[in-house]
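Chemist: Below you will find the structure I want to go over with you.
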Amino acid sequence: MLEEVIKSLEASPIVKKGDYNYFVNPISDGVPAMDPLLLRELALAVHKYADLNIDKIVAVEAMGIHLATALSLATDIPFVVIRKRQYGLPGETEVYQKTGYGSSNLYVNDLHEGEKILLIDDVVSTGGTLVALIKTLEDMGLDLKSVVAIIDKGDGKKIVKKETGVDVLSIVKLDVIDGKVVIESTIED
């Protein structure tokens, strides 16, 4: 079922950002072009394995947006985007995130205490974004039914579990070895 996903990831070029091995892929970067079959495979995998007894899908800007859109179209569940831009709307919550290659603030809008959500992001590698968001969303009184990172790289998933107690559902576990993406496992293994 994940044939296109695996082919796409294994073909990813690697870019160094300091000591960080950053792979460039449609799932995580939007380049090269996203094949609809690839996106469909991802949405079907999340649909199959995640708890979708939820009120909203919550995506992290920017690369969670296309994933949430595909999942929303497949499930008829609305989605909201955690943005990098502040709007100043009533109830807006600010979150500081630190990743392997930078830091910034994120802004949460249109989520309300008691709502059941699925949080989706493209990659978990250092855990910085998901740890910050999970803590904030739980503090807001939201019920995190599933936390999904399509790609698990490095120790990010373990760090998230250690820091928050939350298990991250990942579709593909990979590493960058000798300048190439190596698939270690998939959710189907």
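Chemist: Among the residues of region 110-129, which ones are β-branched (Val, Ile, Thr) and open to solvent by 30 Å² or more (accessible area, probe 1.4 Å)?
Modeler: Step one: list which residues in region 110-129 are β-branched (Val, Ile, Thr), which gives 117, 120, 123-124, 126, 129.
Residues satisfying the conditions are 123, 126.
Chemist: I've got another one for you. When residues of region 53-109 are filtered for being part of a helix (DSSP H, G or I) and exposed (fewer than 14 other Cβ atoms within 10 Å of the Cβ), how many remain?
Modeler: Adding up the residues that qualify gives 1.
Chemist: What pairs come out if I take residues in region 146-175 that are on the phi > 0 side of the Ramachandran plot and pair them with residues that are part of a strand (DSSP E or B) whose C-beta lies under 8 Å away, six or more apart or interchain?
Modeler: Here the result reads 154/175, each pair linking region 146-175 to a residue that is part of a strand (DSSP E or B).
Chemist: Related question: So for region 80-90 (the condition being among the hydroxyl-bearing types (Ser, Thr, Tyr) and at pLDDT 90 or above), does at least one residue qualify?
Modeler: yes
Chemist: Still on this structure, I have one more. Search region 10-24 for residues being touching a residue at least 24 places away in the same chain (Cβ under 8 Å) and not in a loop (DSSP other than H, G, I, E, B), and hand back the single one that is surrounded by the fewest Cβ atoms within 10 Å (Cβ to Cβ).
Modeler: Looking at residues that are touching a residue at least 24 places away in the same chain (Cβ under 8 Å) and not in a loop (DSSP other than H, G, I, E, B), I get 17.
Chemist: Sort through 122, 110 and tell me the only one that's closer than 30 Å to residue 183 by Cα and in contact (Cβ under 8 Å) with a residue 12 or more places away in the chain.
Modeler: Result: 122 is the single residue among 122, 110 that is closer than 30 Å to residue 183 by Cα and in contact (Cβ under 8 Å) with a residue 12 or more places away in the chain.
Chemist: Quick one: which of 176, 148, 172 is modelled with pLDDT under 95 and part of a strand (DSSP E or B)?
Modeler: Being modelled with pLDDT under 95 and part of a strand (DSSP E or B) holds for just one of 176, 148, 172, which is 176.
Chemist: Considering region 25-52 alone, what residues qualify as being crowded, with 20+ Cβ neighbours inside 10 Å, part of a loop (DSSP other than H, G, I, E, B) and touching an Asp or Glu at 6+ places or on another chain (Cβ under 7 Å)?
Modeler: none
Chemist: May I pose another question? Given the options 153, 145, name the one that is crowded, with 19+ Cβ neighbours inside 10 Å, of a type outside the set (Ser, Thr, Tyr) and more than 11 Å from the chain's Cα centre (by Cα).
Modeler: Numbers: 145 fails: crowded, with 19+ Cβ neighbours inside 10 Å.
On inspection, the qualifying residue turns out to be 153.
The values are calculated or read from the model by the stated rules, or taken from the named source; none is laboratory data. Every value quoted in this text rests on a predicted model; they were computed, and no experiment measured them. In this analysis, Cβ positions are derived from the backbone assuming ideal geometry, glycine residues included, and neighbour counts consider all displayed protein chains. Quick note on the areas: whole protein, heavy atoms, side chains included, nothing else; ligands and nucleic acids left out. Shrake-Rupley method; radii C 1.70, N 1.55, O 1.52, S 1.80 Å.
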